[in-house]
Structures are given as C-alpha cells and as structure tokens.
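Undergrad: Sharing a structure below in structure tokens format, with a few things to ask.
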C-alpha cells in the first residue's frame, strides 16, 4: 500500500480539534477559530483528494500513523465535501449561532466525522462514530429524548458489532483483527454482527421505523449543526466501508429487504411531508426521504445505483446545507420559526435568499441542469434495474418531495407580505458569497457532471468488485440469491 | 444554446446585484432570436438540399457509468424543424410584445430570464435525439410555466394555482421518466436518432401508455385538464406562448415523436384516441360557460388539442403537424389580443353600424331543458374532474399524511410535543395583532 506524502488525515482531524479547544476557551473569537479550523481541514482534504486521484484506485496509508487512517476513492471526496460544508456553515452562520459552545461542538463534530471517514481501524471507526454523536446525545444539540435514544442505540449496536467482529477475527487467527482492510470477504462475526451493523445503520440514517428522531432533532436543536450532523451520512458510509466488504454475499442476500425498507422510508417521509406545516420538519422529512434514496441506491448492487448514491450524497449534503442555511437566516431575521400555514411573501424583501432556496430545493429533487438530475437519473436506473416494482416508488417519492418543497417555497416567499415584516434585509455579502458558491457548484456540476460522476464511479467500481470477487464464501447459503442479483 | 446562455448570464449577474435596463434586455433578446431564426432557416435549407431525413449532432455522452450512458444527441428532422422554427419565431415575437406590455413592471427582468429558460427547454425538447434528453427540456418547460403562473405573486390566487399546476406536472412527469427507463430496459437505448427502438406489442403498450400519461399532463388532456384554466393567472404574453403555442403542444409532439411505438400497440392507440375525443367534447362544453376571454381561449385550445390527439392516434403524421402549426399561430394572436377584446369589439360594432348579430345559440338548445341544466352545471364545474382528482387522490393522500404524523407523535408526551415547538411566525403575528388591538 502506498503512503500519503504527509499525515494529512491526522492533520485534517487535528486542526479542527485544536480550533475547537480555542473556540471553547476564547468566546469572542469563536467564529474566527471555526473558520480557520474548517479551512485547515479543507486544505488537508483537498490535498488528500489530489493524491488519491494521482494514485488511481490505490489505497493510501498515512505515514507514522500506525495504520489508523487511510485514504481511497471512497472517502477522499467525503473528507473534502464535509470540510467544505462545515467551512460554509461557519462562515454564513448568524452571529447568535456562533457562540463558543455551538462553534466548538461543530468543530468537534467535524473532527469526529473526518476520523470516521478516514478510519482504517475498527476501534477508530467505532470511537469516531460515538464521538460524532455525542453533541446530540449529551450536549449541546440535545432536543427531545428520541434523538438521544436513536443515536444511543445506534452507537451501542455498532460497538457490540465491532466487539463480535474483533473476537471472531482473533479466534479465526487473523493477525490484524482491528484492521478494516483485513475484513474483506471473511464474514467475521456472522449474522449477529451483520444484524447489529444494520441496526446501527438504520438508527443513524433514520430508516423507518427509526426515523422520527431526525425530525425532532431538526425542529428542536440548533438547525445548522444538526444539518451538518445529518449530512455526515455515516450510515451509508458504514455500509460501504464495513458491511459490504465483511459480508459481501450475506449483504447481497439481505439487501433486497433493506433496500425495500429504504424505498419505503423515502415514500413514507415524502407522504409525511405533504401535510406537514412546520418548515423545519418539512425540510427534515425531505432530507430523510432523499437520504433513504441513497441507501436504496447503495443496496441496488448495480454500478448505476451505487454511483448514483455516491453522487446523491454530494447533492443532498450541499443542497440541504443551502436550504437549512436560508431557513435559519430567515428565522434569525424575523426572530421566530416558520410554518407553512399562510403565504408570508418574504420574497419581496429577500429575493436573493428566495432564489438560493428554490435552486437548492430543486437540485435536491432532481431538476435538470443541477447535479441532482444526474444522481436521480442514476438512482432511478439502478433501483429499477435491481427491483423494478418497488423501484417505481422512487420517482413517485421524488415527485411528492418536489411538490412539498414548492409548497414550502410558495408559503415562505410568495404571496403578499404583511406589515410587520418591514425592515428584513436580503442576503448579506458573506452569506451571498457562500450561497452563490453553493448554487454555482450545483449548477456547474449539473451541466458538466462527468468529472464528478467519474470520480464516484471509481469508488462504485471498488464496492461492486467486493461482490464480484469475495475472497472466501463462508456464507455459501446466500450464494444463489447473490448470483441471481449480480446477473441483473 | 443561446437562450440557455442568456438565462445563465442574466441570472448570475442578478445574483451578484446587477439589473440590466429594460432596453438592453429587449434588444439582446431580439438579436438572439433573430439569429436563431436564421440558423433554423439554414438548417431547413441544408436538410432540403442534402435530401437526408435528419441532421444529427452528437456532443458525446453527458455522463457514463458502466454500461449506462446518457447521450447528448441533437436531431433536426422534418418533425422537429417546424417546432424549432415555431419556438424561435414566437419567442422572439413575444419578447418584442412584452417590451411594451410589461414596461416598468417590477417583474420585467424576471419575465425575460424565465422566457429564455423556457425557450432553451422547448428547443431541447424539440431537438432532442433521445427520450433521456427530452426529459431535461420537458422539466425546464414545466418549471418556467409554473414560475410564470405565479408571476403576480403578491396575489394568493396565482400562487395557489401555480402549486396546483406544479403538482399535476410532476405527477405526470413520472410517466415520461418511467417510459425512458422502460425503453432502456427493453431496447437498451432511449435514443431515436437511428429510428425508434423496436418493441413487442406488450412492451409497446406499456411504454405507450406511460408516454400518454406524460403527454396528457403536459397538454392538459382529460382527466388533467383542470390545470389549464388555472394557468391563465400568468401574464398574457406567457399565456400566449405557453398555452396557446408551445408548452401545450409539447405533449402532442411527444406522441408524434413516439408515434411508431403507439401504432405498434392497439391499446395505446385506442387510449390516445379516447382521451383526445373526451377532451375535445369536454372542453367544448366547458368553454361555453367560461366568463373570461383567456379561459375561453384555453378551452378552445384544449378542444383543438383533443382533435390533434385523435389525429395522432389514427396514425396521421402531417395532418397533426399542420394542425398544430396553424393552431399555435392563431391562438397566440388571439391570446395577445385578449386584453384588447373590448376595444376590438367596439371597433367592429362601430364598423358594422351598430348592428352586430347575436351569437351564443347552439345545437344544445335542441336538448330537453333538464339535460341542458345538467350539462350546464357539469360544464360550470369543469366536468367535476378537479373534484374527482381531489377526492380520489389529494384528500386520501392528505389523510394518510396526517395519520402518519399522528403515528410519528407516538412516544412523545403532550408537554414534550409543546416544548419541541418553538414559537412560530404566526403565533407571533397573532400576538402582535392582539397587542395592537389592545
């Protein structure tokens, strides 16, 4: 395995941690610490992506890091994407959301999530998973009991699964029982570990019936950090990084059920959003629905579906960051949260924020000319190819999401503004530059998607290779079902 | 590409804070569509001179994944060229008309930006060489249509009607997306540059019916025709170009493009004829009870569209194309003259010496009175189709959604639910009003 030129992942994790410590102790400079911390992580992640691209399909280990972190085509993009999202959110966050507590916790979340992406070790992955959930489980993003319970179950399930896998690897004589690279195709931990990993994924991603905590967290918590937390997509990442490599044949046999569950969640959340009136909840349900599509794509076991899912992660992350940001900026301007009961006519005072909102929203639901169209196209082809009947739910769910989103846009920004709304300002320069960057990225990548799609195709190819050539097949009882699915 | 580039340029400049003067916008629009008209004329001439059936341009693949690729193929043949010409000429004319009509309107720039996006979408639909690419233009046309319906967004009516139209569009677009996927599945391509893919009877029926769903939605055929009168809330120039000329005929174009698939299936052909016939009858009745000029014209458009659908279902090719071209031109003129209708009437009245014959007596007067009353009520409610869709789809969906919301609240105590809800903008407004009212 080749090496990175410098311990860049450790640096990408360490810089935000130091910045978090600074933010916690130096309240008046919290935003500056946040910007510097996220910018440092972004630079390191960009360098990692460049080196991974130059290495063409190889995994790059870190020098002097004892095999804790590794970079490859799957995680390099996520590292950069997450760092950029955090940077954008810290820059445009309204002043009241840049307290030492919230900024420090956001940087801590960034460091933990980057650790999970970069982990080459089960212990590091497990620890990062738990640490990234801490701001929602204990403080300071805590809402009602459901987010705490959902995430606690998810953490517990993952830790127990890791314990079982490690014990199974040690008893199987594996010399590196903690290494992710040594897992491939061994089915360590058997069906118990597999089931626990799936429980961890279902709870973390908010797949039905463990979905309600995402709505609660978005409604009651500080919305921008919660949005960042949801956009980590660590559930999907765990699936691609641990579940498929360790259990290639078992996963192929079990995925139709999980995939159907994901599509059901997409439809469930879409239907829920139709009559929902609270703006934050509507957005949370849309994110939930579109995130479930990601899982459905990963589980389709087709290259189109997996690539679509990996591209859709980018779309969902960027678009929902834009949507939640605009919503939060509007809330701060008016001092209250919004409901979609009446036409508020805010677009009269904030036309640019309205345009940012509608472009991000339409990208989320796959409008042509945005990157969302490419990812939706690939997802629909992938899911319809793997299971045509249930795959039809995906375009139906997307259509309903589009209707809910346009309803929310209409209620917030169209109609006659009421008198008490005088004095609302449109996007400030720092907000405008970040949101314009998001819109330009969504549109430019949508018009010329081949570069991003190719980048993700390499990762999708690596994942599908795991199914096509599992090292051993201790789970031979699943082989017939797996072969049938691969032949599609 | 030129309209798309104009849209991107003006939008980007606006986001950065620059608003171009009206004169600049209209002149650029005039030059671009004049040049586009010349290019379309050149394409027509080169097609005629070469004697080929089509001119195709391949821009490579938009993106490729494994065995799936999204080809960017443009095609100008004898079917698409008339529609391309219609688009550039009419958009150019509407651009000039709107310079006066919307002069000093606060939404002047927004109208032109959306007009360019619409022109780009329509050109992509008509020049596309595959169903995948048609979807791209199709959705752009739909989106601009909705945004222009809500053009006067300070009124509640246009905004509500735009949402209604958006829902119908998105629901029917599922048909086009699924049909494109099925073509990939059955024939491994959705491209028709080298001829339409060959399908078996069963496959052709399935694909044809999904295409019919998409076409019926876009062309406002039964049972989706309720959205067209609602779409009249937009400014008159956009009503003219969308619902008199281009957008409304996009569904007919889709069916003409896929006519070989439709004709390969008796089921699909019969369905097209049936829907066209029903629409023609329905809109004729409804049109007689309309109280305003634009809605009357919309119903008249629908009646003609129904006849065009019947012609397509019967296997005619040139007849529906000529019908569409003639209808689009006449209807655009009528829409543009609609705001001056009273003025026109007075002129005609004066020219005839004040002796205009009464109109409005039709064959339905031969029907018994109870039947006439029943027909009148049905026509007033637009055939109860909106009520039907509301009762069959919308209300059950809303009830299901509210039921699921109750399911999601299980486990939350009342106090937790209340603590979970921060004060909203409406509670604040009510509180403010309470304070003001003492």
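Undergrad: What number goes with the only condition from (1) modelled with pLDDT under 90; (2) farther than 30 Å from residue B:183 by Cα; (3) surrounded by 22 or more Cβ atoms within 10 Å (Cβ to Cβ) that residue A:381 does not pass?
TA: Of everything listed in (1) modelled with pLDDT under 90; (2) farther than 30 Å from residue B:183 by Cα; (3) surrounded by 22 or more Cβ atoms within 10 Å (Cβ to Cβ), residue A:381 misses just condition (2).
Undergrad: Related question: Of the residues B:256, B:262, B:213, which single one is surrounded by 24 or more Cβ atoms within 10 Å (Cβ to Cβ) and in the same structural domain as residue B:335 (by TED's automatic domain parsing)? Please lay out each step first, then the result.
TA: Details: B:256 fails: surrounded by 24 or more Cβ atoms within 10 Å (Cβ to Cβ); B:213 fails: surrounded by 24 or more Cβ atoms within 10 Å (Cβ to Cβ).
Every option except B:262 fails the conditions.
Undergrad: Hey, does the stretch B:214-233 have a residue that's at pLDDT below 90, assigned to a helix (DSSP H, G or I), under 21 Å from residue B:298 (Cα atoms) and within 14 Å of another protein chain (Cβ to nearest Cβ)?
TA: Yes, the stretch B:214-233 contains a residue that is at pLDDT below 90, assigned to a helix (DSSP H, G or I), under 21 Å from residue B:298 (Cα atoms) and within 14 Å of another protein chain (Cβ to nearest Cβ).
Undergrad: Which of the residues belonging to the stretch A:195-226 are farther than 29 Å from residue A:462 by Cβ and under 12 Å from the mean Cα position of the chain (by Cα)?
TA: The answer is A:226, and nothing else.
Undergrad: Can you list the helices (runs of 4 or more DSSP H) found entirely within the stretch A:405-488 that contain at least 3 residues being at pLDDT 85 or above?
TA: Working: elements: A:429-447, A:450-468, A:479-487.
Counting at least 3 such residues, we get A:429-447, A:450-468.
Undergrad: Output the residues belonging to the stretch B:184-208 that are touching a residue at least 24 places away in the same chain (Cβ under 8 Å), in a helix (DSSP H, G or I) and under 20 Å from residue B:174 (Cβ atoms).
TA: The answer is B:184, B:204, B:205, B:206, B:207, B:208.
Undergrad: Among the numbered criteria (1) surrounded by 24 or more Cβ atoms within 10 Å (Cβ to Cβ); (2) over 28 Å from residue B:283 (Cα atoms); (3) facing chain A (nearest Cβ under 9 Å), which single criterion is violated by residue B:166?
TA: Of (1) surrounded by 24 or more Cβ atoms within 10 Å (Cβ to Cβ); (2) over 28 Å from residue B:283 (Cα atoms); (3) facing chain A (nearest Cβ under 9 Å), only one is false for residue B:166: (2).
Undergrad: Working only within the stretch A:386-404, note down all residues that are in contact (Cβ under 8 Å) with a residue 60 or more places away in the chain, more than 10 Å from chain B (Cβ to nearest Cβ) and surrounded by fewer than 24 Cβ atoms within 10 Å (Cβ to Cβ).
TA: Within the stretch A:386-404, A:386, A:387, A:390, A:393 qualify.
Undergrad: Ok, one more. Restricting attention to the stretch B:172-205, which residues are under 18 Å from residue A:391 (Cβ atoms) and either modelled with pLDDT under 90 or surrounded by fewer than 21 Cβ atoms within 10 Å (Cβ to Cβ) (or both)?
TA: To start, the set of residues in the stretch B:172-205 that are under 18 Å from residue A:391 (Cβ atoms) comprises B:173-186, B:188, B:190, B:203.
Scanning the stretch B:172-205 gives B:174, B:181, B:182, B:184, B:185, B:186, B:188, B:190, B:203.
Undergrad: Same structure again: Take residue A:353 and tell me if it is surrounded by fewer than 24 Cβ atoms within 10 Å (Cβ to Cβ), part of a helix (DSSP H, G or I), touching a residue at least 60 places away in the same chain (Cβ under 8 Å) and touching a helix residue (DSSP H, G or I) at 6+ places or on another chain (Cβ under 6 Å).
TA: Values: surrounded by fewer than 24 Cβ atoms within 10 Å (Cβ to Cβ): no; part of a helix (DSSP H, G or I): yes; touching a residue at least 60 places away in the same chain (Cβ under 8 Å): yes; touching a helix residue (DSSP H, G or I) at 6+ places or on another chain (Cβ under 6 Å): yes.
So residue A:353 does not fit the description; no.
Undergrad: Still on this model: Can you name the residue in the stretch A:121-171 that is in contact (Cβ under 8 Å) with a residue 12 or more places away in the chain, within 14 Å of another protein chain (Cβ to nearest Cβ) and part of a helix (DSSP H, G or I) and, of all such residues, is surrounded by the most Cβ atoms within 10 Å (Cβ to Cβ)?
TA: Per the stated criteria, the residue is A:147.
Undergrad: Is the stretch A:422-443 home to any residue that is facing chain B (nearest Cβ under 10 Å) and over 21 Å from residue A:88 (Cβ atoms)?
TA: There is no residue in the stretch A:422-443 that is facing chain B (nearest Cβ under 10 Å) and over 21 Å from residue A:88 (Cβ atoms).
Undergrad: I'd like the residue in the stretch B:136-152 that is surrounded by fewer than 24 Cβ atoms within 10 Å (Cβ to Cβ) and over 13 Å from the mean Cα position of the chain (by Cα) and, out of all such residues, is nearest to the other protein chains (Cβ to nearest Cβ).
TA: B:136
Undergrad: Quick test of your reading of the structure: residue B:9 fulfils all but one of (1) out of contact with any helix residue (DSSP H, G or I) (no Cβ under 6 Å at 6 or more places or on another chain); (2) part of a helix (DSSP H, G or I); (3) within 30 Å of residue A:431 (Cα to Cα); (4) touching a residue at least 24 places away in the same chain (Cβ under 8 Å). Name the failing condition by number.
TA: (4)
Undergrad: Taking the stretch B:145-159 as the region of interest, how many residues are in a helix (DSSP H, G or I) and either free of Cβ contacts under 8 Å to residues at least 40 places away in the same chain or on the phi > 0 side of the Ramachandran plot (or both)?
TA: Of the stretch B:145-159, the ones in a helix (DSSP H, G or I) are B:145-149, B:156-159.
Still in the list and also either free of Cβ contacts under 8 Å to residues at least 40 places away in the same chain or on the phi > 0 side of the Ramachandran plot (or both): B:146-147, B:156, B:159.
Within the stretch B:145-159, residues that are in a helix (DSSP H, G or I) and either free of Cβ contacts under 8 Å to residues at least 40 places away in the same chain or on the phi > 0 side of the Ramachandran plot (or both) number 4.
Undergrad: OK, next. Kindly indicate which of A:266, A:296, A:309, A:319 is under 25 Å from residue A:346 (Cβ atoms) and in the same structural domain as residue A:225 (by TED's automatic domain parsing).
TA: Details: A:266 fails: under 25 Å from residue A:346 (Cβ atoms); A:296 fails: under 25 Å from residue A:346 (Cβ atoms); A:309 fails: under 25 Å from residue A:346 (Cβ atoms).
Exactly one of A:266, A:296, A:309, A:319 is under 25 Å from residue A:346 (Cβ atoms) and in the same structural domain as residue A:225 (by TED's automatic domain parsing), namely A:319.
Undergrad: Take residue A:291 and tell me if it is in a loop (DSSP other than H, G, I, E, B), in contact (Cβ under 8 Å) with a residue 60 or more places away in the chain, more than 10 Å from every other protein chain (Cβ to nearest Cβ) and touching a helix residue (DSSP H, G or I) at 6+ places or on another chain (Cβ under 9 Å). I'd like the intermediate steps shown before the answer.
TA: Details: in a loop (DSSP other than H, G, I, E, B): no; in contact (Cβ under 8 Å) with a residue 60 or more places away in the chain: yes; more than 10 Å from every other protein chain (Cβ to nearest Cβ): yes; touching a helix residue (DSSP H, G or I) at 6+ places or on another chain (Cβ under 9 Å): yes.
So residue A:291 does not fit the description; no.
Undergrad: How many residues does the stretch B:41-84 hold that are within 14 Å of another protein chain (Cβ to nearest Cβ) and touching a residue at least 12 places away in the same chain (Cβ under 8 Å)?
TA: Filtering the stretch B:41-84 for residues within 14 Å of another protein chain (Cβ to nearest Cβ) gives B:59-72.
Cutting the leftovers down to touching a residue at least 12 places away in the same chain (Cβ under 8 Å) gives us B:59-60, B:68, B:70-72.
Total satisfying the criteria: 6.
Undergrad: Counting only residues that are within 12 Å of residue A:280 (Cβ to Cβ) and surrounded by fewer than 23 Cβ atoms within 10 Å (Cβ to Cβ), which one in the stretch A:297-336 is farthest from the other protein chains (Cβ to nearest Cβ)?
TA: A:328
Undergrad: Also, I was wondering about something else. Mind listing whichever residues of the stretch B:357-409 are assigned to a helix (DSSP H, G or I), over 32 Å from the mean Cα position of the chain (by Cα) and either in the same structural domain as residue B:285 (by TED's automatic domain parsing) or closer than 26 Å to residue A:214 by Cβ (or both)?
TA: B:403, B:404, B:405, B:406, B:407, B:408, listed by residue number.
The values are calculated or read from the model by the stated rules, or taken from the named source; none is laboratory data. From a predicted model like this one, the values you see are computed outputs, not experimental measurements. Using ideal geometry, Cβ is built from the backbone for each residue, glycine included, and neighbour counts are taken over all protein chains shown.
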